[in-house]
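One structure is given below, encoded as structure tokens.
The values are calculated or read from the model by the stated rules, or taken from the named source; none is laboratory data. This structure is a prediction, so every number in the text was calculated from the model and none was measured. Cβ coordinates were reconstructed from backbone atoms using ideal geometry, including for glycine residues, and neighbour counts include every protein chain displayed.
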Amino acid sequence: MPQQPQQPYALISVFYKDGLEDLVKSLTNKGFKLLSTGGTRSFIENLGYSVQAVEDLTGYPSILGGRVKTLHPKVFGGILGRRELENDAEEMSEYEIPSIDVVVVDLYPFEETLASGADHQDIIEKIDIGGISLIRAAAKNYQDVWIIPSRNDYQTALQVLEKGGPSLDDRKAFAARAFSISSAYDRAIENYLSGNTYFNLNFGPEKVLRYGENPHQKGSYYGNINDVFEQLHGKELSYNNLLDADAAVSLIREFDETTLAILKHNNACGVASRQNLLEAWKDALAGDPVSAFGGVIIANTEIDGDTAEEMNKLFFEIVIAPSYSEKALEVLRQKKNRIILVLKNFETPAQQFRSLLNGVLVQDRDFVTDRTEDMKTQTSRQPDADEITDLAFASKICKNTKSNTIVLAKNKQLLASGTGQTSRVDALKQAIVKAKAFNFDLNGAVMASDAFFPFPDCVEIAHAEGINTVIQPGGSVKDQLSIDYCDDQNMAMVFTGTRHFKH
């Protein structure tokens, strides 16, 4: 009588449990017998699923304070056994080694522990041995075994399961991702023990894009974009789409009240904060209806049907919001290629990177938002409450606009900005010309600058246009020249103490 095929195992041993439930459910539904350790096993049992303990398979308990749990021939033989080799199959049968076809691992958080300021012993205990060995073994045998090496891969794994299970190409791609994680993990440990620092980060799997910034350039994105957006409609995101989306998200996160922004080439061409989104849309669009054509729209609140109806009158490539009403989606989906994105509550990386010359620049992200309590009045005249509100509004936009920049705003509406100019005076002149082109009255507007004024020329030009309130970081050896001019003209100027260059 032929031997019945053995039920395949899925070994799950993870540090973080968030996002694991759906994967456990899907693997169970696909007929896998679950095998697990310690806290992961308890978590799965609490979900109501049957799971076998690793120690019941191996005959050995978790020992040495949990340092040794999975390091056993019955575990690694089940992973490394070559299914197509008769000798391997005979040995697995002789020693009662089960076939482990899926391995789900999330490594101990070594880098997170290091960043927390933990002591040396705690850091050493977060060097994963069993987990990294499981990852390497499963990835090596990707011909037969599927490695899911991180919680960041759960969503992709679920999609693979939904389409019927992993193909050989899927398993190979996950194996490559696994060795990338393993390499970065080992390098972090090496850096800590040796005191060396190397640029070696693992952002996530590669997504090949249609092209780069221009059609003759190749482009890729490394990361889990599904952690940031849920795409509801439209064509695939391009290199330039991703640049604009990043700029849009960075800007909108500055605002708490209902705000809508329109961006073009990473800079805002329209922003307004209002009581409702429809009014915010109308006033943001009024800031520059010409540049808005083909741009990116982002809101920090749900897009409703009425607002969508008005937005739909304009051609734009991308719309981003935390949610949409059914009516809004019905309207926005009328354009086949329009990209509709739901913005998730993701954690922004603490550092930024830029390649140049033969290396990479690394810096901390600019998380400083100028608040009213940061504003130190330098002039005899104090700004009133409405002016302070507009100064804070303008400063948020200025921080997220390419340097050199000047932003002009009034009543929580962007009137115009000068962007990416080689001279701050040119940036101001550009903003003034643009504001007048769309019939804005600059009397009573405020001016924000991303860096200090080395001379009083900018405040002189602003005053001549009816702008009498200014926010800037200060810090020039000639700050007093601008302060004196403002005092002579009854203007108000505040310093924030924080420069916001953005190149």
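Can you name every residue in the range 438-466 that is out of contact with any Leu (no Cβ under 8 Å at 6 or more places or on another chain), in a helix (DSSP H, G or I) and either in contact (Cβ under 8 Å) with a residue 12 or more places away in the chain or of a type in the set (D, E, K, R) (or both)?
457, 459, 460, 463
May I ask you to list the residues in the range 119-141 that are in a loop (DSSP other than H, G, I, E, B) and at pLDDT 85 or above? Let's see the steps before the verdict.
Initially, the range 119-141 is screened for residues in a loop (DSSP other than H, G, I, E, B), giving 119, 126-129, 141.
Hits for the range 119-141 are 119, 141.
In the range 366-381, how many residues are assigned to a loop (DSSP other than H, G, I, E, B) and touching a residue at least 40 places away in the same chain (Cβ under 8 Å)?
Residues that pass the stated criteria total 9.
Being among the basic types (Lys, Arg), without any contact (Cβ under 8 Å) to a residue 24 or more places away in the chain and either touching a Gly at 6+ places or on another chain (Cβ under 8 Å) or in a loop (DSSP other than H, G, I, E, B) (or both) is the filter here, so list the residues in the range 343-365 that pass it. Explain how you work it out, then say what you get.
Filtering the range 343-365 down to residues among the basic types (Lys, Arg) leaves 344, 354, 365.
Next, only the ones that are without any contact (Cβ under 8 Å) to a residue 24 or more places away in the chain stay: 354, 365.
Residue satisfying the conditions is 365 alone.
Output the residues belonging to the range 2-48 that are in a loop (DSSP other than H, G, I, E, B) and closer than 20 Å to residue 153 by Cβ.
8, 15, 16, 17, 18, 19, 30, 32, 37, 47
Yes/no matrix, rows are residues, columns are (1) at negative phi; (2) crowded, with 18+ Cβ neighbours inside 10 Å; (3) among the β-branched types (Val, Ile, Thr); (4) touching a Phe, Trp or Tyr at 6+ places or on another chain (Cβ under 9 Å):
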position	(1), (2), (3), (4)
82	yes, no, no, no
92	yes, yes, no, no
96	no, no, no, no
101	yes, yes, no, yes
143	yes, no, no, no
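Scan the range 272-295 and report the pairs whose first residue is within 19 Å of residue 258 (Cβ to Cβ) and whose second residue is surrounded by fewer than 23 Cβ atoms within 10 Å (Cβ to Cβ) and among the β-branched types (Val, Ile, Thr), with Cβ atoms within less than 8 Å and a gap of 6+ or a chain change.
Close Cβ pairs satisfying both conditions: 273/258; 274/258; 275/258; 276/258; 277/258; 277/301; 280/258.
Restricting attention to the range 475-501, which residues are surrounded by fewer than 17 Cβ atoms within 10 Å (Cβ to Cβ), under 37 Å from the mean Cα position of the chain (by Cα) and not in a loop (DSSP other than H, G, I, E, B)?
Passing the criteria: none in range.
Take the residues in the range 232-253 that are over 15 Å from the mean Cα position of the chain (by Cα) and touching a residue at least 40 places away in the same chain (Cβ under 8 Å); name whichever of them is surrounded by the most Cβ atoms within 10 Å (Cβ to Cβ).
234
Could you say which residue among 399, 429 is surrounded by 23 or more Cβ atoms within 10 Å (Cβ to Cβ), within 35 Å of the chain's Cα centre (by Cα) and not aliphatic (A, V, I, L, M)?
Only one candidate passes the filter, namely 399.
Kindly indicate the residue of the range 232-275 that is of a type in the set (Val, Ile, Thr) and part of a helix (DSSP H, G or I) and also nearest to residue 365 (Cα to Cα) among those meeting that condition.
249
For the range 276-328, which positions are in a loop (DSSP other than H, G, I, E, B) and among the acidic types (Asp, Glu)? So that I can check it myself, show each step before the final result.
If we filter the range 276-328 for residues that are in a loop (DSSP other than H, G, I, E, B), which is where we start, we get 276, 287-295, 300-302, 304, 312-317, 322-323, 325.
If the condition is that a residue be in a loop (DSSP other than H, G, I, E, B) and among the acidic types (Asp, Glu), then 288, 302, 304, 317 are the ones that fit.
Within the range 283-300, work out how many residues are on the phi < 0 side of the Ramachandran plot and surrounded by fewer than 17 Cβ atoms within 10 Å (Cβ to Cβ).
Number satisfying all stated conditions: 3.
Restricting to the range 343-375, name every residue that is of a type in the set (S, T, N, Q) and under 13 Å from the mean Cα position of the chain (by Cα).
Applying the first criterion (of a type in the set (S, T, N, Q)) to the range 343-375 yields 345, 348, 351-352, 355, 358, 363, 369, 372.
Of everything in the range 343-375, those that are of a type in the set (S, T, N, Q) and under 13 Å from the mean Cα position of the chain (by Cα) turn out to be 345, 348, 351, 352.
Would you point out the residue of the range 145-176, among those that are crowded, with 18+ Cβ neighbours inside 10 Å and in a loop (DSSP other than H, G, I, E, B), that is nearest to the chain's Cα centre (by Cα)?
Among those that are crowded, with 18+ Cβ neighbours inside 10 Å and in a loop (DSSP other than H, G, I, E, B), it is 150.
For residues that are assigned to a loop (DSSP other than H, G, I, E, B) and surrounded by fewer than 17 Cβ atoms within 10 Å (Cβ to Cβ), scanning just the range 329-342, find the one that is farthest from the chain's Cα centre (by Cα).
Among them, the one singled out is 334.
Looking only at residues in the range 190-208 that are farther than 21 Å from residue 349 by Cβ and not in a loop (DSSP other than H, G, I, E, B), which one is modelled with the lowest pLDDT?
Keep residues of the range 190-208 that are farther than 21 Å from residue 349 by Cβ, which gives 190, 193-196, 208.
Still in the running and not in a loop (DSSP other than H, G, I, E, B): 190, 193-194, 208.
Details: 190: 85, 193: 85, 194: 82, 208: 89.
Checked the range 190-208; the qualifying residue modelled with the lowest pLDDT is 194.
Would it be correct to say that residue 78 is in contact (Cβ under 8 Å) with a residue 60 or more places away in the chain, crowded, with 18+ Cβ neighbours inside 10 Å, in contact with a helix residue (DSSP H, G or I) (Cβ under 8 Å, 6 or more places away or on another chain) and assigned to a helix (DSSP H, G or I)?
Yes, satisfied.
Name the single residue, out of those in the range 465-474 being of a type outside the set (A, V, I, L, M) and either under 14 Å from residue 370 (Cβ atoms) or buried (at least 20 other Cβ atoms within 10 Å of the Cβ) (or both), that is farthest from the chain's Cα centre (by Cα).
So the residue we want is 468.
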